[in-house]
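The values are calculated or read from the model by the stated rules, or taken from the named source; none is laboratory data. Because the structure is a prediction, the values reported are computed rather than measured. Cβ placement follows ideal geometry from the backbone for every residue including glycine, while neighbour counts extend to all protein chains displayed. Ligands, DNA and RNA are excluded from the accessible area calculation, which covers all protein heavy atoms including side chains. Shrake-Rupley method; radii C 1.70, N 1.55, O 1.52, S 1.80 Å.
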Amino acid sequence: MTAAPSDHAADSADATAVISAPFIAITSVILSSALVAVGNGLMFAFIPVRLGAEGLPPTWAGLILTGLSAGGMAGCFLTGRIVTRVGHARAFMTFSALIILSNVVVGLMVDPWLWIAARALYGFAICGLFIVAQSWLNDVVGNAIRGRVTATFYMSYIVGLGLGSYLLAFIDAMENTAPLLAITFAALSIVPVGLTRLRTPPAPPIASIALRRAWAISPVGLAGMLAVGGLSMMVAGFAPIHATAIGFDKNAIALLLLAMPLGTLIVQLPFGWLSDRMDRRYVLVAASILVALAGLLAIGADSWAFGWMVLVYMVWSGATESIYSISSAHANDRADKGDLVVLSSTMLFAWSLSGFVIPGLATMLTAFVGTGAFIGIAILIAVAFCGFVAWRLTQTDAVPPEVSGDFSPLSAQAPPAADLAFAPAESGTSAVQRS
């Protein structure tokens, strides 16, 4: 098909955007986020292991995770105002400083109440840092390379999380080496951004939340965010808590948390490839079935050889992350340009609300039935979402391939991509029959 003149103009604009965003400057933001991820992964592994070694019940680890989610929810909706006030670079460095402060507090003493406050601060800061980094990159790169830059950003963060978690295998969990290393990586992350020549984007708009409108645009997309916000916390957040409670040592937990992000990459990419070539809802059904099946296997995986347990959790994590990224792509396929801001902010709200409420519920159940409660909750969420998507398939047609966007790998352990946090500078698709 011959491109229309407007298409050539868009390509020229993209080329200009690429020139104005030097490769080394873009890399600085990605590198900073990856460095933060290494420290974050280490702390995710360290906290439940240290609490278990101190003889504290796993309910405390669940409460700390819930506090992190509460801080993240606040960060999702205050970041825009902070960036408007001080700009992207200063906001990024401010959030990095708050992450450092959080890790300092954790290193002071083992006090669960103090750690809840520290991790809530961390949740606020990491959420803000992610939104700043993604919106910055989204503004300065053109459509021609935006997908590749976003994919590189997320893959770098996922790999950083895994490598950071694995660091726990080489340090003494009864000392404060982990918080000190996390502080070091967070401090190092400030350097590339502090030296970057990447231009500062305009301040983001403050978008409103409209659940009814978002539902009208894409029920499946909104339901996907409500499902996966909590689902990701069940799989990624409670896995180290459960592994600690059932007696795995820190080396095994470190290996498990290294393997899960790798599973995210291995499973998510083929699912994404399929979703670009068929109705994304069929792929969402398959992914949610895989989540439920992996959850069922996880119930008995504790008694298996450790290698098989790692494999189950790899698949479980990868299928969960696939729901997140494909739901995001599906919602964007069905939105008009004028709907993007309200859809983005509402899906961000749904993701963060679920990520706060579901861990709280799991923590309460953990006090009565043990840490295995998170497995049952994850299975129920996956089955309910699968049933809903299957029903929607009987109600509406698929988005025509010519108006669908391209899949981009995302992580449900971070706020939705930049176009789900702030209004994107560019947009492409037209709305079709809603799903």
Residue match in the range 331-346 (condition: under 19 Å from Gly237 (Cβ atoms) and not aliphatic (A, V, I, L, M)): no
Cβ-Cβ under 7 Å pairs, at least 6 apart or on other chains, the range 349-374 side within 11 Å of Pro58 (Cα to Cα), far side buried (at least 24 other Cβ atoms within 10 Å of the Cβ) and β-branched (Val, Ile, Thr): Thr363/Thr66; Thr371/Ile241
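Which residue, of Gly41, Gly62, Gly72, is modelled with pLDDT under 90 and surrounded by 24 or more Cβ atoms within 10 Å (Cβ to Cβ)?
Values: Gly41 fails: modelled with pLDDT under 90; Gly62 fails: modelled with pLDDT under 90.
None of the others qualify; the one that does is Gly72.
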Among the residues listed as Leu343, Leu269, the single one being under 17 Å from Leu222 (Cα atoms) and in contact (Cβ under 8 Å) with a residue 60 or more places away in the chain: Leu343
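Does Arg277 fit the bill of being charged (D, E, K, R) and open to solvent by less than 10 Å² (accessible area, probe 1.4 Å)?
Against the criterion (charged (D, E, K, R) and open to solvent by less than 10 Å² (accessible area, probe 1.4 Å)), Arg277 does not qualify.
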Some residue of the range 193-214 being closer than 26 Å to Ala382 by Cβ, at pLDDT below 85 and crowded, with 24+ Cβ neighbours inside 10 Å: yes
Qualifying residue in the range 356-364 (condition: buried (at least 24 other Cβ atoms within 10 Å of the Cβ) and of a type in the set (A, V, I, L, M)): yes
In the range 94-111, the residues that are among the hydrophobic types (A, V, I, L, M, F, W, C), more than 20 Å from the chain's Cα centre (by Cα), assigned to a helix (DSSP H, G or I) and surrounded by fewer than 24 Cβ atoms within 10 Å (Cβ to Cβ): Ala97, Ile100, Leu101, Val104, Val105, Leu108
Qualifying residue in the range 343-355 (condition: open to solvent by less than 10 Å² (accessible area, probe 1.4 Å) and of a type in the set (Phe, Trp, Tyr)): no
